[in-house]
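Asks: This is the structure, below, for whatever I ask next.
The values are calculated or read from the model by the stated rules, or taken from the named source; none is laboratory data. Because the structure is a prediction, the values reported are computed rather than measured. Using ideal geometry, Cβ is built from the backbone for each residue, glycine included, and neighbour counts are taken over all protein chains shown. For the accessible areas, the whole protein counts, side chains as well, though only heavy atoms, and no ligand, DNA or RNA atoms are used. Shrake-Rupley method; radii C 1.70, N 1.55, O 1.52, S 1.80 Å.
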Amino acid sequence: MEAEFLAEDEMITMLPLVSIPKMTFLQGDYGPLIPGEPIEVPIWFALALKRARKCKLVVPSWMEAKQLEKTVENERISKNRLTAVPYYYAEIASLLLHYASDDMRSAATVRRGVEDLTSLRSSKFRRYMQTNVREDCNGIKIENICSGELSAVRPVLCEILETIHRANDSGAVDPIKMQTQTQKSQGTQSTSIFSSSKPRSLRRFRA
Amino acid sequence: MGMEENGTQEADVLPEDWAQEDDISTEISQEIRKLKRAMLNEKFSPEILPFETSLVHELKEVIEVQDALIDEEELARSSGPSRNSLGLHLRKIEIGRVKYLLRAYLRSRLLKIEHRAKRTLHDELYRSRLSTDEFKYAENFVKLMEAHFQSSFLDQLPEKLRSVDDRDGDVDMSPGPALNRFVFCHVKKNVGTTAISDDPTDQALYLGAGDVYCLRYKPVRDLVESGSIDLL
């Protein structure tokens, strides 16, 4: 729910159906609203007007059926990285599909497109985590991830990385390991069970 | 492997407030943005961050003034002719959103304080990060918890087992916040090459503006506080 709240601060274009003089808000002035004249406002603002049936929303270009189709296709083609989509795309799409599907030419196609995109991206992301999360990784660069994916992957990924490191760290209090550490400081070859692993290095999300 | 190669092409898909925090917007709107960031950072950081004293104070004032204005207008409207009720409605929504943000911020802090009340009070750094109200709250919380533990089971234990100190001699009995936890972060300004683990043999990481990383909190905690990176 919080992600949706944050997504509502993003801007969207709407076509007012009523005329309202310029209004002063905490976050700036909006208006004047003139019927039929497109104006850019935060999503929460547009949705409030929409609920009162005082405006039509202009679907953002990335959410148009054709554009979505292209994005899904790109997502499919670029096997090795996520494509760039708006950070709150899933939240915005769900809000608009819920409250403003009558302003879309083909809500069903849009809905399907967004679903395709989401499942394509999440399976791709899972695959990358499988190949990129190793015992020696301390940081992963993640390109073009978006809000929903982040909250889905956060508990899993962080937990896995921590468990791996805890397993490694508990090696440090292991008597054998401790011994090898003192040996190491004396310049002797280490024989710890983890010594065979490559030096820790950064794995990038991009393969 | 060039870390810098992914340039700015994704800049236009980032949320509004990821862009530069400058100009056009009013002072209040900047403060609201700051609060939003503070809320998210607080939510995702393993330790309690410094309290945004002036920010919270100013926004509380703004909320009070707005609430009063809205009440006044509502009263005037109920007696006079109805005009621009939609505008009033929208302003109510906006103020509601700011209140929600403020509550979410304070609540995420309370959660951490309750989680480690005693530890927070005993640690000089964390104690200094609390607001006066939070400090009082933490003290009362510790008192209540101790009284509750005493009456519910500690009194029935042998006397030497009754203490609830976090130290036993030299041994620290309560772990501090898990600073080594992994967090997601978004780099706001070019930070450059940064060590991302305690082990100096580990490869450092190039933190370029606009990048998103999953890494340990501890090595970047100063960057969070200085505002160079944001937690996600």
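Asks: Any idea which residue in region A:119-148 is farthest from the other protein chains (Cβ to nearest Cβ), counting only those that are closer than 23 Å to A:Glu69 by Cα and aliphatic (A, V, I, L, M)?
Replies: A:Leu120
Asks: Assuming A:Gln179 fulfils every condition listed in (1) modelled with pLDDT under 80; (2) touching a helix residue (DSSP H, G or I) at 6+ places or on another chain (Cβ under 9 Å) apart from one, which condition is it?
Replies: Condition not satisfied by A:Gln179: (2).
Asks: Name the residue that is surrounded by the fewest Cβ atoms within 10 Å (Cβ to Cβ), counting only residues in region B:139-190 that are of a type in the set (Gly, Ala, Ser) and over 30 Å from B:Leu207 (Cα atoms).
Replies: B:Gly169
Asks: Which one of these is open to solvent by less than 80 Å² (accessible area, probe 1.4 Å) and either under 22 Å from B:Arg33 (Cα atoms) or touching a Gly at 6+ places or on another chain (Cβ under 9 Å) (or both): B:Tyr213, B:Tyr217?
Replies: B:Tyr213
Asks: I would also like to ask the following. Spot the failing condition for B:Ser29; the list is (1) over 25 Å from B:Arg216 (Cα atoms); (2) open to solvent by less than 30 Å² (accessible area, probe 1.4 Å); (3) at pLDDT 90 or above, and only one is missed.
Replies: (3)
Asks: State all residues of region B:128-168 that are assigned to a helix (DSSP H, G or I) and among the hydrophobic types (A, V, I, L, M, F, W, C); if no residue qualifies, say none.
Replies: B:Phe135, B:Ala138, B:Phe141, B:Val142, B:Leu144, B:Met145, B:Ala147, B:Phe149, B:Leu154, B:Leu161
Asks: Can you report the number of residues in region B:91-119 which are within 12 Å of another protein chain (Cβ to nearest Cβ), touching a residue at least 12 places away in the same chain (Cβ under 8 Å) and among the small types (Gly, Ala, Ser)?
Replies: Counting residues in region B:91-119 that are within 12 Å of another protein chain (Cβ to nearest Cβ), touching a residue at least 12 places away in the same chain (Cβ under 8 Å) and among the small types (Gly, Ala, Ser) gives 2.
Asks: So A:Thr24 fits all but one of (1) of a type in the set (Val, Ile, Thr); (2) open to solvent by less than 30 Å² (accessible area, probe 1.4 Å); (3) outside any helix (DSSP H, G or I); what number is the exception?
Replies: Answer for A:Thr24: the failing condition is (2).
Asks: Is there any pair with a first residue in region B:204-215 that is facing another protein chain (nearest Cβ under 7 Å) and more than 12 Å from A:Ile145 (Cα to Cα) and a second that is in a strand (DSSP E or B) and open to solvent by 10 Å² or more (accessible area, probe 1.4 Å) whose Cβ atoms are under 6 Å apart and which are 6 or more apart or on different chains, and what are they?
Replies: If the second residue must be in a strand (DSSP E or B) and open to solvent by 10 Å² or more (accessible area, probe 1.4 Å), the pairs left are B:Leu205/B:Thr194.
Asks: Can you tell me which residue among A:Leu82, A:Leu33 is open to solvent by less than 10 Å² (accessible area, probe 1.4 Å), within 29 Å of B:Glu31 (Cβ to Cβ) and within 14 Å of another protein chain (Cβ to nearest Cβ)?
Replies: Only one candidate qualifies: A:Leu33.
Asks: For the list (1) closer than 21 Å to B:Arg97 by Cα; (2) of a type outside the set (S, T, N, Q); (3) open to solvent by 40 Å² or more (accessible area, probe 1.4 Å), I need the number of the one condition that A:Asp102 fails.
Replies: Only one criterion in (1) closer than 21 Å to B:Arg97 by Cα; (2) of a type outside the set (S, T, N, Q); (3) open to solvent by 40 Å² or more (accessible area, probe 1.4 Å) is unmet by A:Asp102, namely (1).
Asks: Test each condition in (1) open to solvent by 70 Å² or more (accessible area, probe 1.4 Å); (2) in contact with a His (Cβ under 8 Å, 6 or more places away or on another chain) for A:Ala52 and report the one that comes out false.
Replies: Tallying (1) open to solvent by 70 Å² or more (accessible area, probe 1.4 Å); (2) in contact with a His (Cβ under 8 Å, 6 or more places away or on another chain), A:Ala52 fails exactly one: (1).
Asks: Taking region B:169-222 on its own, how many of its residues are part of a loop (DSSP other than H, G, I, E, B), touching a strand residue (DSSP E or B) at 6+ places or on another chain (Cβ under 9 Å) and small (Gly, Ala, Ser)?
Replies: 7
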